[in-house]
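Let me begin by presenting the structure, written as structure tokens, before commenting on it.
The values are calculated or read from the model by the stated rules, or taken from the named source; none is laboratory data. These numbers come from a predicted model, not from an experiment. Methodologically, a virtual Cβ is constructed for each residue, glycine included, from the backbone with ideal geometry; neighbour enumeration extends over all protein chains shown.
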Amino acid sequence: MNPCPRCHHPRTRHGCAPCNNRRRRTARAQLDHLAIDAAVHTRRPTPGLRPAERRAVSAQLTAHGVPAHEIARILDVTKRTVHRWRAQDRATAAA
Ligand SMILES: [Zn+2]
């Protein structure tokens with residue numbers, strides 16, 4: 001595939017890894033950590049979380065050993081979505 005026009009890193013079908021990571025870092029800096037903590041600790045459905053915040057809640061609950069179907073209920077997403085997030089996080093951690 002063509003190199004990224006911004007950083008010239010070879011792109012995969014997911015786009016440019018360095019640029020994606022930079023975007024994720026930026027998003028992480030703007031997370032509502034109080035809302036994330038509340039969802040993680042109460043394990044109750046928490047409406048109004050932004051996508052990056054849901055990802056953070058999912059990652060933290062996963063680290064606590066909470067099963068995917070429970071995370072799906074808390075975040076009002078499908079179990080499949082939780083499994084996809086976990087797979088993506090594993091891929092990012094391994095990269
Ligand atoms: Zn790039």
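Please work out which one of (1) within 16 Å of the ligand (Cβ to nearest atom); (2) surrounded by 10 or more Cβ atoms within 10 Å (Cβ to Cβ) is the condition N2 fails and give its number. With respect to (1) within 16 Å of the ligand (Cβ to nearest atom); (2) surrounded by 10 or more Cβ atoms within 10 Å (Cβ to Cβ), N2 is out only on (2).
Within region 1-17, residues that are closer than 15 Å to Q88 by Cβ reach partners that are more than 7 Å from the ligand (Cβ to nearest atom) with beta carbons closer than 8 Å, at six or more positions or on different chains, in the pairs T12/M1; R13/M1; H14/N20; A17/A95. When restricted to residues that are modelled with pLDDT of 95 or more, surrounded by fewer than 19 Cβ atoms within 10 Å (Cβ to Cβ) and in a helix (DSSP H, G or I), region 39-53 contains 2.
The number of residues in region 18-38 being in a helix (DSSP H, G or I) and in contact (Cβ under 8 Å) with a residue 24 or more places away in the chain comes to 5. Looking across A17, A63, A56, one residue alone is surrounded by 11 or more Cβ atoms within 10 Å (Cβ to Cβ) and away from the ligand (no atom under 16 Å from the Cβ). It is A56.
Scanning region 65-95 for residues being among the hydrophobic types (A, V, I, L, M, F, W, C), touching a residue at least 24 places away in the same chain (Cβ under 8 Å) and part of a helix (DSSP H, G or I) gives a total of 4. Being over 18 Å from A95 (Cα atoms) and under 14 Å from the mean Cα position of the chain (by Cα) is a description that does not apply to A39. Pull up region 20-33, narrow it to residues that are closer than 14 Å to D89 by Cβ and near the ligand (Cβ under 10 Å from one of its atoms), then point me to the one that is surrounded by the most Cβ atoms within 10 Å (Cβ to Cβ). That would be N20.
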